[in-house]
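A quick write-up on the structure given underneath.
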Amino acid sequence: MENSQPLPEEAVLEELQRLRSSIDNLDAALVHLLAERFKCTQEVGRLKAEHRLPPADPEREARQIRRLRGLAEESKLDPVFAERFLNFIIAEVVRHHELIASSMSESRARN
Ligand SMILES: C=C(O[C@@H]1C=C(C(=O)O)C=C[C@H]1O)C(=O)O
């Protein structure tokens, strides 16, 4: 900021430490949230494979992306970033679902 006095170095470091400690907590929460999401999507993958449903559901993906873009806008988060982030996660989920489906069809073929 142009008109503000420079902070003494110790205070700057304390402020940096305070902010980084919150970032650490938020990053931990993100990892825990992602782990829970992947637990659910693995179950969805098994359910789909058991019932021979396709690994990806593009309509559901489009609805989720629309919904997340809206939530991002309300929260002042860049909706383009939110969409890219969700697409990145969904691609990994679909890859897992394809692996589950192929291992289930191999085990069906063996039995
Ligand atoms: C989890 C699902 O499987 C896939 C992954 C999705 C996701 O990660 O949100 C959404 C749709 C599907 O392509 C699902 O069908 O609900």
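Annotation: peptides 76-82, 31-37, ranked by per-residue average of other Cβ atoms within 10 Å with the highest first, follow the order 76-82, 31-37. Applying 1/(1 + (r/R0)^6) with r as the Cβ-Cβ distance of E15 and N87 and R0 = 30 angstrom yields a FRET efficiency of 0.30.
Once the Cβ-Cβ distance of V31 and A109 is raised to the sixth power relative to R0 = 35 Å, the FRET efficiency obtained is 0.40. Peptides 60-69, 90-99 ranked from most to least packed, by the mean per-residue count of other Cβ atoms within 10 Å: 90-99, 60-69.
Taking the centroid of alpha carbons for each part, region 81-102 and region 44-77 are 9 Å apart. Structural descriptor for the chain: relative contact order 30 percent, calculated from alpha carbon pairs under 8 angstrom and at least 6 residues apart. For the chain, a simple Cβ point-charge model (Lys and Arg +1, Asp and Glu -1, everything else neutral) yields a dipole of about 980 debye relative to the Cα centre. What a 1.4 Å probe finds exposed on the chain is 58% carbon and sulfur by accessible area, rounded to a whole percent.
With all protein chains kept in place, the per residue accessible area of the chain amounts to 83 square angstrom at a probe of 1.4 angstrom. Each of H96 and E43 was given a label point 7 Å from its Cα along the Cα-to-Cβ line. The distance between the two points is 1.2 nm. Highest-first packing order for the peptide set 50-56, 18-24 is 50-56, 18-24, based on the mean count of other beta carbon atoms within 10 Å. When the charge dipole of region 6-111 is built from unit charges on Cβ atoms (+1 for Lys and Arg, -1 for Asp and Glu) and taken about the Cα centre, the candidate among S103, A72, H51 whose Cα reaches farthest toward its positive end is H51.
The values are calculated or read from the model by the stated rules, or taken from the named source; none is laboratory data. Because the structure is a prediction, the values reported are computed rather than measured. Glycine gets a Cβ as well: all are built from the backbone with ideal geometry, and neighbour counts include every protein chain shown. The accessibility values were calculated without ligands, DNA or RNA, using every heavy atom of the protein model including side chains. Shrake-Rupley method; radii C 1.70, N 1.55, O 1.52, S 1.80 Å.
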